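The values are calculated or read from the model by the stated rules, or taken from the named source; none is laboratory data. Please read these numbers as outputs of a predicted model, since none were measured by experiment. With ideal geometry, Cβ positions are generated from the backbone for all residues, glycine too; neighbour counts draw on all protein chains shown.
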Number of protein chains: 2
Amino acid sequence: MTTKKNQLITTAFELFYYNGIHAVGINKILEVSGIAKKTLYNHFQSKEELIEATLTFRDVQYRNWLYERVNEAPKGIERIHALFDALDDWFNNRVCHFQLFRGCFFINTSAEFGDPSTKINQVCVAHKTEIRRFIKTQVSELNIQPHHLELITDSIQLLKEGAITIAAVQEDCHIAEKAKKSALLIIDAYSNSAINKG
Amino acid sequence: MTTKKNQLITTAFELFYYNGIHAVGINKILEVSGIAKKTLYNHFQSKEELIEATLTFRDVQYRNWLYERVNEAPKGIERIHALFDALDDWFNNRVCHFQLFRGCFFINTSAEFGDPSTKINQVCVAHKTEIRRFIKTQVSELNIQPHHLELITDSIQLLKEGAITIAAVQEDCHIAEKAKKSALLIIDAYSNSAINKG
DNA sequence: CACATAGTAGACAAATAGGTCTACTTTTGT
DNA sequence: ACAAAAGTAGACCTATTTGTCTACTATGTG
């Protein structure tokens, strides 16, 4: 992929993520990136195609970051800790190659494009589904009974998505820590050792 | 307030909630409501003022519904059940005076208006803060220790916001039930009777 | 060197945005 | 009944939107 195309995608993503997609015009992206309009329409058929490209870009960037952060911890409960610690860094702008936290780009974009049948919306769903799959993989390494796998995965995803929303809307920068506590409590309640204790 | 003004607000809300705010022009609102442009600008100074009015409208409508649903249950754990049962009805379009579920209007709007310093965004924050206050009131009626009040409130709000997001983006219509299970588990872990048991 | 590729600058078009204004009609309160 | 208030229809204005097109300019490889 050419440099210009990458520049367009990253510039578009930055502006979209900050301001919302509908609020950012093509001309603004060209002005900020310093790239000619012809070049944009040489690489993308339409604004929609550029939007889709920014979603793909962010999907890769975000998952690379999150998965690396989680996978560098040892398997098991440590990775649940790592998940929420990563969120905490994200909310508090300690991820240096991310820009200022403004919620989840996929939730935001999905909110802007109401109709669930659009391709844009489907990319957002796919991202969340993939994240859930990843969480499930981590949960499966815990000392739990297999029939609790889905339920614990759901709980953690609920807490994660809730934390992102609360961090974004209410600007509560400690929310990831609170979500982590709840997650650990739930895991503990379902864990084999807890059952053995009881 | 005049009938025309109300019509404008409800029509605008319906269109905004379905399609996103930036995606809906003034002319579309006029066309659907069948009201003249002059009348709109007689009641509102700008589109922004109309947006603010739709936010206030929804804030009142939504809280009236939710608070009534919760308050008709007896105080205590029953009201936590009622909270998540209400969410379940909302997600599954069983609230007859609401339109098709498309997530939380305040989260969606906040996502579209990135800058947290705008008045529009502040109204969204105020809504969430008020909802949290209400949840806290319900939690305070549970058989818990006072120093756990904030933490349990946070947990329930996390699960609630997470459920709204997942229901909206992934269209998982059973998510409220799962959130409820997690909430009850957390409350049970913190409850006095549980501590007495251990 | 030459030529194809990729990029630039920006005029232009068509559509749509928010918002104003005039002229006319309907409603409403006294 | 009559005057004031509220509403209608829609032309109009200006700014902005996405997208096209032309003419020109780097650039880099055979």
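Annotations for the structure displayed:
- For the range B:148-173, filtered to residues that are free of Cβ contacts under 8 Å to residues at least 60 places away in the same chain and not in a helix (DSSP H, G or I), the residue that is surrounded by the most Cβ atoms within 10 Å (Cβ to Cβ) is B:Gln170.
- Within the range A:33-62, residues that are more than 14 Å from chain B (Cβ to nearest Cβ) sit with their Cβ atoms under 6 Å from residues that are within 13 Å of DNA strand D (Cβ to nearest atom) and not in a helix (DSSP H, G or I), at 6+ positions apart or across chains, in these pairs: A:Leu50/A:Phe44.
- Restricted to the range B:80-108, and to residues there that are polar (S, T, N, Q) and loosely packed, with under 15 Cβ neighbours inside 10 Å, the residue that is modelled with the lowest pLDDT is B:Gln99.
- Counting the residues of the range B:1-30 that are away from chain A (no Cβ under 14 Å) and either more than 10 Å from DNA strand D (Cβ to nearest atom) or of a type in the set (Val, Ile, Thr) (or both) gives 8.
- Filter result (in contact (Cβ under 8 Å) with a residue 12 or more places away in the chain and outside any helix (DSSP H, G or I)) within the range A:63-83: A:Lys75, A:Gly76
- The range A:110-120 - residue that is more than 8 Å from chain B (Cβ to nearest Cβ) and touching a residue at least 12 places away in the same chain (Cβ under 8 Å) and, of those, surrounded by the fewest Cβ atoms within 10 Å (Cβ to Cβ): A:Lys119
- Which listed residue, of B:Glu130, B:Glu161, is facing chain A (nearest Cβ under 7 Å) and not basic (Lys, Arg): B:Glu161
- Condition broken by A:Gln7, with the remaining ones in (1) farther than 30 Å from A:Ala168 by Cα; (2) within 14 Å of DNA strand C (Cβ to nearest atom) satisfied: (1)
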